[in-house]
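Bear in mind these aren't lab numbers, they're just calculated from the coordinates by the rules spelled out. Remember, predicted model here, so these are calculated numbers, not experimental data. Cβ sites come from the backbone with ideal geometry, for glycine too, and all protein chains shown count toward neighbours.
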Amino acid sequence: MEITIIAETSGEGIHPVTEQLVGAASSLGGVITVLCPGGRGSDDASVISGVSKVISLQGDCFSSFDSGSWSTVMAPFSQGIVMASSSPSGRELGAQIASKIGVPIVQDITGIEPGYKVTRSVYSGKAVETSSLSSPCVVTLRQNAFEGASGGGSAEVVVVDNSSEVSVSVREAIAKAGERMDVSDAEIVISGGRGMGDPSNFSHLNEVADVIGAAVGASRAAVDSWDEIPHSMQVGQTGKTVNPTLYIAVGISGAIQHLAGMRSSKYIVAINKDPDAPIFGVADYGIVATWEDALPALKEELGKL
Amino acid sequence: MTIAVLLKQVPDTTAKITVSGGRVDQSSVAKWSTSPYDEYALEYALQLKEAGAGDLVAITCGPDRAAKMLTDAAAVGVDSMLHVVADTTEMDSKQIQSILAAAIEHCGADVVLCGKQAADTNSGSTGPGIASMMGAACVGMVSEVMVEGDSFSALRASSSGNERVSVSRPCLFAFDKASTELRRPNVKGIMMAKRKVIETVSASDLGIDMGESQVIIESHDSPPEKPPGQKFEGADSVQTVVLKLREEANVI
Ligand SMILES: Cc1cc2nc3c(=O)[nH]c(=O)nc-3n(C[C@H](O)[C@H](O)[C@H](O)COP(=O)(O)OP(=O)(O)OC[C@H]3O[C@@H](n4cnc5c(N)ncnc54)[C@H](O)[C@@H]3O)c2cc1C
């Protein structure tokens, strides 16, 4: 059986989720080919253990994201089970490839077994769906839900120079304000809510984040109230879904729409001054305290490790 | 020139979801709403219509109860409504996309706006899949769209921030949350909407033979219950929690 992986890239290299895609593919058994759009990350991909072949797609269309033209080039190379990350671009590209090769797609799976039984979270985390797929098909995988493959491989890299007409032209790139890590990428996320009182107080979250290499997120109330807190930081139903090993919620009440984006985190810590805040219902470790008291102590304790 | 906005009715984000007999029990959902991202698509579709980009049709595929959502859309200004009556709960991505693509063609629309994903299936396949079927330019993660002469300018999220992109017809925009206010219907709009007729069709009226679903849902289950957590009083407990994160949870 063949498995085709659409590499998720980050800058000129590979994004760590690509190793997780290979890990999941290896657990099914099969011949694994990795497609690298724009050739980005080809060398990184070739050393992931379990990869048989890397196709470095160097066509002009890969210089900016256009799922329509990218998928036109990628579809002929998309054999068997096609796997991509369930990042926004992975979902979009996956859906276009599925449509072009005429197969269904199942997005954002958190488990896959031989015989293609997949599990995923539906109704914003309020139910889990198990379904069986026919092969071939496209699946996108939730980041951090699968064990990553290790290094040590040596796959051949084949360069293909095909392009397709671009219909989405990028006129201007508007850089993110901060250089902080994206919440969807982080192993540890610390998020602040309306309880932070003022956007300037997010500096206290940043300080803790710096000690443990965490990304900083926010509730919708924080994003909607304060211009300084961009939507790219929002976790929840209408923000990002995160799946870190540790999620620390500070001054966040725990509305159902916030939980939708973070309840699958492996461990949840809540810091809230209200002992009855619903966030304590999902927290593994709850601390009833104000952030003013708790964050300096947290920074200090984490600094000791 | 016609603009289509695709709307899906989903359980309200506050609604409790219960599972019975291996399926989410639709009949126990207390409140149905338009999927949140679709509301942003609708708002921008109205703005495009007001800017003269075309007439606006709202399209849904869903059971009878979804008609209310179309009437609500008419109350804020959509010109016409198409309801493809079907039960979508067991359909795979190909089936739902082929119905909606046919519905769009039926309405003669060449500009399509939709949400980036629905709040029930949480997938995000429909927009890009339809764009592919229509041969339309696809722009996802959109938070703003404007008409500029014959083309459109959109703001979309990118890995490094945002990008302003431009596309020509045919094109499809899949909306992320936007910072715009959503409009609410006024009394006049509600009265007018009551008089508007929803065109109601079936998949076969649109000439669609959906075939069998290739994704078989085996079961729905409630998410696994988490064991109750531990709760500590006061900032002094931070030390204890950090220790537990290290020794019990092994995460730091
Ligand atoms: C369709 C829809 C989609 C939505 N999508 C999202 C989403 O994606 N993400 C999201 O987060 N929300 C979302 N919401 C909003 C959600 O319903 C809540 O309004 C929001 O999550 C509340 O944010 P919050 O917890 O920061 O604020 P609040 O609910 O106001 O809670 C603030 C908390 O801070 C605590 N607090 C106050 N002062 C302190 C202090 N000094 N120290 C410690 N704690 C303190 C309070 O006890 C309280 O619990 C959505 C809502 C709807 C209707």
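Quick notes on this one:
- Count Lys and Arg as plus one, Asp and Glu as minus one, and take only other residues whose Cβ is under 11 Å from that of residue B:237; the net charge is then -2.
- Pairwise Cα inverse-distance average, inverted: Kirkwood Rh of the stretch B:44-132 (Å): 13.7 Å
- Rg/Rh for the protein assembly as shown (Cα atoms only, Rh after Kirkwood) is 0.96.
- Within-14-Å neighbourhood charge of residue A:12 [Cβ basis; K, R +1; D, E -1]: -2
- The local environment of residue A:241, defined by Cβ-Cβ distances under 9 Å, has a net charge of +1 under the rule Lys, Arg +1 and Asp, Glu -1.
- The Rg/Rh ratio for the stretch B:198-252, using Cα coordinates for both the radius of gyration and the Kirkwood hydrodynamic radius, is 1.49.
- For residues of A:104-110, the mean tally of beta carbons on other chains within 10 Å: 6
- Bins of 5 Å from zero: percent of alpha-carbon pairs in the stretch B:1-79: 3, 15, 24, 20, 15, 9, 7, 4, 2, 1
- Shown here is the pair-distance distribution of the stretch B:2-224: with all Cα-Cα distances grouped in 5 Å bins from zero up to the longest one, the shares run 1, 7, 14, 19, 20, 16, 12, 7, 3, 1, 0 percent.
- Reference-scaled alpha-carbon Rg (2.2 N^0.38 Å with N residues) for the stretch A:2-160: 0.95
- Chain A, dipole about Cα centre (Lys/Arg Cβ +1, Asp/Glu Cβ -1), debye to the nearest 20: 780 debye
- About its Cα centre, chain B has a charge dipole of approximately 620 debye under the convention of +1 per Lys or Arg Cβ and -1 per Asp or Glu Cβ, with nothing else charged.
- Computed magnitude of the charge dipole of the protein assembly as shown (debye, nearest 20; Cβ of K, R +1, Cβ of D, E -1): 1000 debye
- Alpha-carbon radius of gyration plus Dmax, which is the widest Cα pair, for the stretch B:143-252 in Å: 26.1, 68
- Out-of-range pairs (alpha-carbon distance over 32 Å; input A:304/B:16; A:266/A:304; A:299/B:226; A:304/B:116): A:304/B:16; A:304/B:116
- Among B:143, B:189, B:214 - extreme Cα towards positive end, dipole of the stretch B:141-218, charges at beta-carbon: B:189
- Kirkwood Rh and Cα Rg combined as Rg over Rh, evaluated for the stretch A:40-112: 0.95
- Per-peptide packing, taken as the mean over residues of other Cβ atoms within 10 Å, places B:134-140, A:13-19 in the sequence B:134-140, A:13-19 from highest down.
- Value of [θ]222 nm, deg cm²/dmol, for the protein assembly as shown, DSSP H segments ≥ 4, -39500 (n - 2.57) each, nearest 500: -7500 deg cm²/dmol
- Span from the the stretch A:45-103 Cα centroid across to the the stretch A:166-235 one, whole angstrom: 29 Å
- Counting all C-alpha pairs of chain A, share separated by more than 34 Å (%): 28 percent
- Given charges at Cβ of Lys, Arg, Asp, Glu: the stretch B:14-61 dipole, positive-most of B:21, B:47, B:33: B:21
- Under 15 Å from the residue B:23 label point (7 Å along Cα→beta-carbon), backbone N, the stretch B:221-241: B:221
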